1. Hey, in the chain, which Cys have no second cysteine's beta-carbon closer than 4.7 Å?
2. Can you tell me how much longer the chain between residue 97 and residue 38 gets when fully stretched, taken as 0.36 nm per residue apart minus their C-alpha distance, in nm with one decimal?
3. In whole percent, and with a 1.4 Å probe on the protein chains, what portion of the accessible area of the chain is carbon and sulfur?
4. With +1 on each Lys and Arg Cβ and -1 on each Asp and Glu Cβ, and nothing else charged, work out how big the dipole of the chain is about its Cα centre, in Debye to the nearest 20.
5. Roughly how many Å² is the accessible area per residue of the chain, as a whole number, for a 1.4 Å probe?
6. Based on the Cβ-Cβ distance of residue 17 and residue 47, what FRET efficiency does E = 1/(1 + (r/R0)^6) give at R0 = 41 Å, to the nearest 0.05?
7. Whole angstrom only: what separates the Cα centroid of segment 1-55 from the Cα centroid of segment 77-111?
8. For the residue pair residue 25 and residue 67, what label-to-label distance in nm results when each label sits 7 Å from Cα along the Cα-to-beta-carbon direction?
Amino acid sequence: MGVPYRAHLNERTLLNLPGFHSGAYVYVYVEDTSQRDLIRQTWCNDTCNCCPQNFEPRMTIEIADCDRRVSLAFDIDTLEGRANSLHKLDTLLAALQVFRLALEEEFEPYDERQRQLDTQAAKAQRE
């Protein structure tokens, strides 16, 4: 029997505050393979050229909002794949940071338009 799956990281976090739509979450998983050996297929023998083999740990980031889901893949099997995986994460973090700033910048213009609508509705009600 092999070593059971272990994880460095296995977390599901709800994205919304209580009272908002409850389906949104982010799930992150990185398998811990530190106690696992090379893979040998059951049909292989000592003269086989395909065994043993290395393997990549299971890793995922899944972001869900209601019925939409995005799952991102990451590679660690080559130096280039590792560099690309880290670049992907860094780019995602940077995009989220600038998106947050831009979102906050839209609060006041939205609120101003809402005040205009409220003023017009109050004026129409008085007439």
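1. Isolated Cys, the chain: 50, 66.
2. Numbers: separation 59, 0.36 × 59 = 21.24 nm, distance 3.96 nm.
So the chain would gain 17.3 nm between residue 97 and residue 38.
3. Answer for the chain: carbon and sulfur cover 56 percent of the accessible area.
4. 280
5. About 85 Å² of surface per residue is accessible.
6. That pair, residue 17 with residue 47, gives E of 0.10.
7. About 25 Å separates the Cα centre of segment 1-55 from the one of segment 77-111.
8. Modelled inter-label distance: 1.9 nm.
The values are calculated or read from the model by the stated rules, or taken from the named source; none is laboratory data. Source: prediction; values computed, not measured. Counting neighbours? That spans all protein chains shown, and the Cβs are built from the backbone with ideal geometry, glycine included. The area values use the complete protein model at the heavy-atom level, side chains included, leaving out ligands, DNA and RNA. Shrake-Rupley method; radii C 1.70, N 1.55, O 1.52, S 1.80 Å.
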